[in-house]
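Asks: Input: one structure, supplied below.
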Amino acid sequence: MSGLRERKKRRTREQIIESAFALFRERGFQGTTIADIAEAAEISPRTFFSYFPSKEAVVFYNFDGILESFQASIAARPAGQSAIDTLRGWAGVELSPNQRIRDEEALRKHMCREDPGLSAFQQHQQAKFEDVLREGVARDLGEPPDGLRPKLVAAAIMAALVAIGDEDPSRDRALDMIDEAVVFLRGGVAALSAR
């Protein structure tokens with residue numbers, strides 16, 4: 001019975017996401033209300049809040065899974081593998097060739113450019129990712145996570161990822177650009193480590 005209940009919950013969540021993105025495409029982020037999403041998904045607004053705390057959270061519906069996946073990769077990396085190299089390996093697996101996901105990502109970027117509140121929400125999410133990077137880099141450098149050097153390296157990595165994302169490259173091109181950034185970042189970390 002619990003398996004059926006879980007499948008139903010997954011289906012409802014997927015319905016909310018699909019309905020929301022269809023409305024976002026048609027009406028934009030500000031032009032879409034939670035009531036609109038609930039109606040399109042054939043649920044009540046109360047049910048919506050059982051799945052998502054806000055409209056912004058629907059836009060970034062996959063962020064928690066991505067963050068957990070990256071945290072797990074950083075935590076499980078073998079001795080001697082840097083956070084930067086772990087990031088590159090993780091990105092090779094995590095960057096999806098799925099067209100639907102790429103279309104959603106393009107719409108998400110557009111909405112963030114158009115809506116300052118949504119852009120601020122995105123920056124808050126990116127800060128969580130940067131925190132994981134900072135902790136990984138701190139371990140590489142043998143320094144506390146709140147040290148200046150881990151903060152600088154994590155900020156540089158995050159800036160590189162955001163810049164690559166802003167280019168809206170294909171998956172293969174994105175990986176090539178990440179490879180270029182990794183070479184640059186490795187050099188910076190090596191210089192810091194040598195001090």
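The values are calculated or read from the model by the stated rules, or taken from the named source; none is laboratory data. Just so we're clear, the structure is a prediction, and the values are computed from it rather than from any experiment. With ideal geometry, Cβ positions are generated from the backbone for all residues, glycine too; neighbour counts draw on all protein chains shown.
Asks: Counting just the residues of the range 84-116 that are in a helix (DSSP H, G or I) and touching a Lys or Arg at 6+ places or on another chain (Cβ under 7 Å), which one comes out nearest to Leu185 (Cα to Cα)?
Replies: At the first step, the residues of the range 84-116 found to be in a helix (DSSP H, G or I) are 84-94, 99-114, 116.
If we keep only those that are touching a Lys or Arg at 6+ places or on another chain (Cβ under 7 Å) too, we end up with 84, 86, 107.
On the way: Ile84: 8, Thr86: 13, Leu107: 29 Å.
Filtering the range 84-116 for residues that are in a helix (DSSP H, G or I) and touching a Lys or Arg at 6+ places or on another chain (Cβ under 7 Å), the one nearest to Leu185 (Cα to Cα) comes out as Ile84.
Asks: Of (1) surrounded by 14 or more Cβ atoms within 10 Å (Cβ to Cβ); (2) not in a helix (DSSP H, G or I), Gln30 satisfies all except one. Which?
Replies: For Gln30, the failing item is (1).
Asks: Continuing with the same structure: Go through the range 47-56 residue by residue and tally those that are hydrophobic (A, V, I, L, M, F, W, C) and either surrounded by 15 or more Cβ atoms within 10 Å (Cβ to Cβ) or at pLDDT below 95 (or both). Write out each step before concluding.
Replies: Initially, the range 47-56 is screened for residues hydrophobic (A, V, I, L, M, F, W, C), giving 48-49, 52.
Within this subset, residues satisfying the condition of being either surrounded by 15 or more Cβ atoms within 10 Å (Cβ to Cβ) or at pLDDT below 95 (or both) are 48, 52.
So the answer is 2.
Asks: Follow-up question, since we're still on this one. For the subset of the range 180-195 comprising residues that are in contact (Cβ under 8 Å) with a residue 40 or more places away in the chain and within 19 Å of Phe129 (Cβ to Cβ), which member is surrounded by the fewest Cβ atoms within 10 Å (Cβ to Cβ)?
Replies: Of all residues in the range 180-195, those in contact (Cβ under 8 Å) with a residue 40 or more places away in the chain come to 182, 185-186, 189, 192-193.
Imposing the further condition that a residue be within 19 Å of Phe129 (Cβ to Cβ) reduces the set to 182, 185, 189.
On the way: Val182: 18, Leu185: 22, Val189: 20.
Once the filter is applied, the top-ranked residue is Val182.
Asks: With (1) loosely packed, with under 15 Cβ neighbours inside 10 Å; (2) more than 20 Å from Cys112 (Cα to Cα); (3) assigned by TED's automatic domain parsing to the domain that holds Gly188 as the list, and Glu14 as the residue in question, which single condition is left unmet?
Replies: (3)
Asks: So, Pro78, is that one over 30 Å from Ser193 (Cβ atoms) and loosely packed, with under 15 Cβ neighbours inside 10 Å or not? It would help to see each step written out before you state the result.
Replies: Working: over 30 Å from Ser193 (Cβ atoms): no; loosely packed, with under 15 Cβ neighbours inside 10 Å: yes.
No.
Asks: When the range 172-195 is examined, which residues are found to be at pLDDT below 75 and under 22 Å from the mean Cα position of the chain (by Cα)?
Replies: If the condition is that a residue be at pLDDT below 75 and under 22 Å from the mean Cα position of the chain (by Cα), then no residue fits.
Asks: Which one of Arg88, Arg100 is of a type in the set (D, E, K, R), surrounded by 15 or more Cβ atoms within 10 Å (Cβ to Cβ) and in the same structural domain as Gly188 (by TED's automatic domain parsing)?
Replies: So the residue among Arg88, Arg100 that is of a type in the set (D, E, K, R), surrounded by 15 or more Cβ atoms within 10 Å (Cβ to Cβ) and in the same structural domain as Gly188 (by TED's automatic domain parsing) is Arg88.
Asks: Could you tell me whether any residue of the range 102-125 is closer than 23 Å to Ala76 by Cβ, touching a helix residue (DSSP H, G or I) at 6+ places or on another chain (Cβ under 6 Å) and touching a residue at least 60 places away in the same chain (Cβ under 8 Å)? Explain how you work it out, then say what you get.
Replies: If we filter the range 102-125 for residues that are closer than 23 Å to Ala76 by Cβ, which is where we start, we get 125.
If we keep only those that are touching a helix residue (DSSP H, G or I) at 6+ places or on another chain (Cβ under 6 Å) as well, we get 125.
Add one more test, that the residue is touching a residue at least 60 places away in the same chain (Cβ under 8 Å), and what stays is 125.
Checked the range 102-125: at least one residue is closer than 23 Å to Ala76 by Cβ, touching a helix residue (DSSP H, G or I) at 6+ places or on another chain (Cβ under 6 Å) and touching a residue at least 60 places away in the same chain (Cβ under 8 Å).
Asks: So, in the range 59-83, how many residues would count as being of a type outside the set (Asp, Glu) and assigned to a helix (DSSP H, G or I)? If you could, list the steps in order and put the result at the bottom.
Replies: Narrowing the range 59-83 to residues of a type outside the set (Asp, Glu): 59-63, 65-67, 69-83.
Of the ones still in play, those that are also assigned to a helix (DSSP H, G or I) are 59, 63, 65-67, 69-76, 83.
So the count comes out to 14.
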